[in-house]
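A.B. asks: Have a look at this one.
The values are calculated or read from the model by the stated rules, or taken from the named source; none is laboratory data. Just so it is clear, the model here is predicted, and its values are computed rather than measured. Ideal geometry is used to build each Cβ from the backbone, glycine not excepted, and the neighbour counts take in all protein chains shown.
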Amino acid sequence: MLLEFLISAFVTLLIVFDPIGLAPTFIAITQGMPGPARRQVAIRASIIAVLILAGAALGGDKLLSALGISLAAFRIAGGLLLFSIASEMVFGLRIQRQSATAEQALEERVRNVAAFPLAIPLMAGPGAITAMVLLSGRATGHPDMLAGLIGVAFVVVALCLIVFLAASRIEKLLGITGNVVLSRLLGVLLAALAVQFVVDGVRVLLAK
């Protein structure tokens, strides 16, 4: 059960984060920066993102309880949100939105691009936070699963960091066609996972 949960969590977070898809955005955000500065931005953004995700996993369920929101309702809403992100990926709208966010940040001369827009909302955005809360709900009462979930989040963020550090090479390797095809395939997988979240939530509500 633990292994299945960890695999599911890894696939979900990997698709939501889409490290390869973030590479062009990272290049746009850090354009003109020297190598050491780009590495520093990548490292700081990754640290911020993993802290946000760990906080969502540890305290997200308690926040929902305080607001009077059931986990089943949040699971349905989260599934719909993830499906929205998946549809954007399939139709190529997500990359356009990410690029627009990056351009806006550069125009406004954001001092710390590691925090915004890289860590938030491009890495630890609504989709990733929602996924963490939903997955932590499945790990309720199982400390090993919760610890594993945080570990999986750390691994996925580490993959993003690796991609950022090698962004220029990856972009040249995949090319425009490769980036488009990969984004579409990941979008379809995320859509299926999103539907599963909704189905699980509806089952819980109907069982009451």
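A.B. asks: Go through the range 114-171 and report how many residues are within 14 Å of residue 44 (Cα to Cα) and not in a helix (DSSP H, G or I).
C.D. replies: Count: 1.
A.B. asks: Which one of these does residue 137 not meet: (1) modelled with pLDDT of 90 or more; (2) in contact with a helix residue (DSSP H, G or I) (Cβ under 7 Å, 6 or more places away or on another chain)?
C.D. replies: Status for residue 137: all satisfied but (1).
A.B. asks: So which residues in the range 1-58 are crowded, with 19+ Cβ neighbours inside 10 Å and not in a helix (DSSP H, G or I)?
C.D. replies: 18, 30
A.B. asks: Taking interchain pairs and intrachain pairs at least six residues apart, which have beta carbon atoms under 9 angstrom, with the first residue in the range 1-20 and farther than 11 Å from residue 160 by Cα and the second part of a loop (DSSP other than H, G, I, E, B)?
C.D. replies: 1/142; 2/142; 5/139; 5/142; 9/139; 16/125
A.B. asks: Need pairs with beta-carbon distance below 9 Å; first residue without any contact (Cβ under 8 Å) to a residue 40 or more places away in the chain and on the phi > 0 side of the Ramachandran plot and within the range 34-48, second part of a helix (DSSP H, G or I) and loosely packed, with under 12 Cβ neighbours inside 10 Å; sequence gap 6+ or separate chains.
C.D. replies: none
A.B. asks: Would you check which residues across the range 181-208 are more than 21 Å from residue 10 (Cα to Cα) and either surrounded by 13 or more Cβ atoms within 10 Å (Cβ to Cβ) or modelled with pLDDT of 80 or more (or both) and list them?
C.D. replies: 202, 203, 204, 205, 206, 207, listed by residue number.
A.B. asks: Quick check: is even one residue across the range 102-112 among the small types (Gly, Ala, Ser), surrounded by fewer than 20 Cβ atoms within 10 Å (Cβ to Cβ) and modelled with pLDDT under 80?
C.D. replies: yes
A.B. asks: When residue 91 is evaluated against the numbered criteria (1) modelled with pLDDT under 80; (2) surrounded by 16 or more Cβ atoms within 10 Å (Cβ to Cβ), which criterion, by number, is the only one it fails?
C.D. replies: (2)
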